[in-house]
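The values are calculated or read from the model by the stated rules, or taken from the named source; none is laboratory data. From a predicted model like this one, the values you see are computed outputs, not experimental measurements. Positions of Cβ are backbone-derived with ideal geometry, glycine not excepted, and every protein chain shown enters the neighbour counts. Note: areas computed on protein heavy atoms with side chains; ligands, DNA, RNA excluded. Shrake-Rupley method; radii C 1.70, N 1.55, O 1.52, S 1.80 Å.
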Amino acid sequence: MMIGRAASRSVLRFGVLVVLSVAGLPCAPGQSSPAAQPQPCTLNASAVPQAAVLRITDVSHALLPNAAVELRCGNTVLNALADEQGEARFELRPGHYTVLARMPGFADTVRTMDLPASTGPAEIAMSVGSATDTINVTADTGFVPFASNAGSKTNGLLVEVPQSISIVNEAEMNARHVLTVNEALRYTPGVQTDQYGFEPRFDWLEIRGFAAQTFGIYRDGMRFNSLSGKLDPFELESVEVLKGPSSVLYGEVPPGGLINQVTKRPEAERSTQIAAEFGSFNRRQGDLDTTGSFDRNEVWRYRLLGLVRDSGTQVNFTPDNRRLIAPELTWHPSDRTNITLLADYQNDRTKWDQFLPAEGTLTPNPNGIIPRSTFLGEPDYDNVTRNQGSVAYTADHLFLDGWDVHSNYRYQYIDFKGQTIAGNGFVTGSTTDVSRYLFATPNTDRINTVDTRALRRFGTGSNFEQTILFGYDYQRLGQRATSYYLFGVGNLNIFNPVYGQTTIPTGAPYLNNDTTLNQNGLYAQDQIKFKHHLVLTLGGRQDFAKNTIADFLSTTGNFARQDNKFTGRVGATYLFDSGIAPYFAFSTSFLPNAGTFVYDAKTGVADTPAVPSDARQVEGGVKFQPRNWTSFITASVFQINETNVLVANTAFTDYQTGEVRSRGVELEGVASVAHGLNVHAGYTLTATNNVSDVIPQNIGKWLPQTPRNQLSGFADYTVSGGRFAGLGGNFGVRFVGTNAADSANSFFVPKYTLLDSSLRYSYKHTIFSVNATNLTDKRYVATCISTAACYYGFERNVIGTAQYRF
């Protein structure tokens, strides 16, 4: 599939600008804002740009990698991040500049100086607020996040964004040895993971009571289809959660928010990691991660990731096999230009999750407890095969006039073939025999996405700072889908299953169509900071979404719908010197329900096109990022109202309710409280309510599969010195409260508490570790959608890993 003409022109214009800059040709001069009041400065505008280096340190002259450095002279603004040696490099015309250095945990540092310096790198020493001599200001920040590109698309500090954002970084994912994105977010407040318990096919996730897996899963800021594809955390450097409506920057997203999976990138320093792991269910895996530079100047950088896994699972006849390869290449000719090419290919083989009756899992059965290993399908028929791959680029260029242009593009394909014989509850009058049905759904997804944006930071007068962002994104999602079902495909004794006794028919198609969604979005954002304390965030976006369907089973044949929508965000944050930052925001979201036909309960018509869902949120809270110890704490309260909500029923169709509401409180703290000790804790209260519904008995009820309370705590410690240096481990507790099984709240799934733990030892270049989830092997039901379909949670899973780095 081809990207749209407008997207192509945006990408082409960006490419021309990059080529002109790299070739040394002059870029277009920046235009002064009418409101701008240039700061006094002396700049030799006719001089040839020269190289300048600023070395960022603490007061003890220890280097500070990743510090943000900004140079100003009138309307000229230059930005850079310090590298691993604490050096920020610029190409600038000689002049008298104002230098602003920022680093999470340090006080903003302002200096004026002549650049380039004649005696080598100019040093900027930063102070750490009220730090004591026990604070190691150059230490690794552990699990603690400071900045994110997802919440503002300007790589701003989390404390300045008027939105609750959670980040699970690579350090935490490695410590917990997460196997899926679900696992990565198990300790994140506001997120309901493992929504359907043990599920080997997809990542099912909810945020603030709203399903995220269809339109709320992103990769590197671009849409990823989680209901066909599944990324391995081995490819990721972090997982970010934006909570609440985020349409102003991303277009069509659910009201609960979105999950952004950030891909690992090539690094300048050479390193290679080889690992082998063995574990429960005969798990065997080997993986490779190697990165570095091809040349001394670190202009060309590479990364290659590979993984091979053969494994069983807790359910009989159900594998978890994967093959993955992901090559990457970066061209970094200067600190102003960076272009990275990314690709990956993944092959998965597994089977369907199991639909088990409530009687024997959730409630007693006279014949005993249904084993968690129970398989209700046919081993020779059930199968899930997925082939997915992508090619992408990400490109950045910082112009001399201060404009930073960024462009992302990704093409991805997902070929998913799945078929199963699924349980449909006990046969009437029996507590042993279950009826079964056939379900098959081969589908192919093709997704093109592009996002091109430009931002600039500048000052307006002596008291104001602004970061302006303009962007355009385009996405084209094409899906070829066919689905079959057939009821009454042979009964099975659930306590003594005998397979192969039934001839498997083909089934009748109930879905056969081509669906295409084209979306164009224009967005703008202005972040205004007054006297370094008050931050106002204003954003708006206009979306143009067109959905077309070629339905090969319907007599009408084709369907097309155009949905246009404006969404926005208004927020304010106040930054106290202590690190406390209260905030308040109002935001909206837009979801066109692409390609969905619903059952109209009023008319009884099943093939009614779904109308768009709209949502609005009010959120307030406090963020706390103290300057004297490494931590980040967020407390937030919110209310989300969504109209025209899609709800699935048992006949393979949906219907749209009137309005639902989600209110809640979220508390999260991530900290490095001492050398080697990291903690991550959180609490979630999510009170959902069906405000109005076409089915009267559902009004006032909880939204299904949404626990009202969740509580979690996780601590990881590594001995940093002495006889036991390198010895470490962690321990975590997860509590998930009661959740409703269906929209009518006819029955509930009880609460449960789980324990996780690990032990590791590092010796020279080798790390040996053992990780266990559900340490006590608690048997629990994660959720039910009816008395015929309940889902067990994960059994205890123990994995031993040997990892060698060089």
request  = Would you be able to tell me the number of residues in the stretch 634-651 that are open to solvent by 40 Å² or more (accessible area, probe 1.4 Å) and at pLDDT below 95?
outcome  = 6
key: Total residues in the stretch 364-417, condition assigned to a loop (DSSP other than H, G, I, E, B) and among the aromatic types (Phe, Trp, Tyr)   = 4
key: Residues that are in contact (Cβ under 8 Å) with a residue 12 or more places away in the chain and out of contact with any strand residue (DSSP E or B) (no Cβ under 9 Å at 6 or more places or on another chain), drawn from the stretch 676-714   = 697
note = In the set 514, 543, the lone residue that is of a type in the set (Asp, Glu) and over 25 Å from the mean Cα position of the chain (by Cα) is 514
inquiry  = Take the conditions among the charged types (D, E, K, R), on the phi < 0 side of the Ramachandran plot and touching a helix residue (DSSP H, G or I) at 6+ places or on another chain (Cβ under 7 Å) and apply them to residue 203. Does it pass?
reply    = yes
query = Is it true that some residue in the stretch 759-773 is within 20 Å of residue 314 (Cβ to Cβ) and either free of Cβ contacts under 8 Å to residues at least 12 places away in the same chain or in contact with a Phe, Trp or Tyr (Cβ under 6 Å, 6 or more places away or on another chain) (or both)?
reply = no
inquiry  = Every residue in the stretch 672-697 that is at pLDDT below 90 and not β-branched (Val, Ile, Thr), please.
reply    = 672, 674, 675, 676, 677, 692, 693, 696, 697
request  = Quickly run through the stretch 456-466 and pick out the residues that are open to solvent by 20 Å² or more (accessible area, probe 1.4 Å) and either at pLDDT 90 or above or not in a strand (DSSP E or B) (or both).
outcome  = 462, 463
Meets criteria (in contact (Cβ under 8 Å) with a residue 12 or more places away in the chain and surrounded by fewer than 22 Cβ atoms within 10 Å (Cβ to Cβ)) for residue 147 = yes
note = The one condition residue 349 fails out of (1) within 30 Å of residue 425 (Cα to Cα); (2) touching a Pro at 6+ places or on another chain (Cβ under 6 Å); (3) open to solvent by less than 20 Å² (accessible area, probe 1.4 Å) is (3)
key: Filter result for the condition that a residue is over 30 Å from residue 669 (Cα atoms) and modelled with pLDDT of 90 or more, over 547, 558, 520   = 520
query = Considering only residues of the stretch 399-424 that are surrounded by fewer than 23 Cβ atoms within 10 Å (Cβ to Cβ) and among the aromatic types (Phe, Trp, Tyr), which is nearest to residue 491 (Cα to Cα)?
reply = 413
note = The correct count of residues that are polar (S, T, N, Q), open to solvent by 50 Å² or more (accessible area, probe 1.4 Å) and assigned to a strand (DSSP E or B) in the stretch 549-580 is 3
message = If a residue must be in a strand (DSSP E or B) and either out of contact with any Asp or Glu (no Cβ under 9 Å at 6 or more places or on another chain) or open to solvent by 60 Å² or more (accessible area, probe 1.4 Å) (or both), how many such residues does the stretch 662-689 contain?
response = 14
query = Any residue at all in the stretch 597-612 that is open to solvent by 40 Å² or more (accessible area, probe 1.4 Å), more than 21 Å from residue 549 (Cβ to Cβ), of a type in the set (S, T, N, Q) and modelled with pLDDT under 95?
reply = no
query = If only one of 370, 325, 339 is buried (at least 16 other Cβ atoms within 10 Å of the Cβ), in contact with a helix residue (DSSP H, G or I) (Cβ under 8 Å, 6 or more places away or on another chain) and among the β-branched types (Val, Ile, Thr), which one is it?
reply = 339
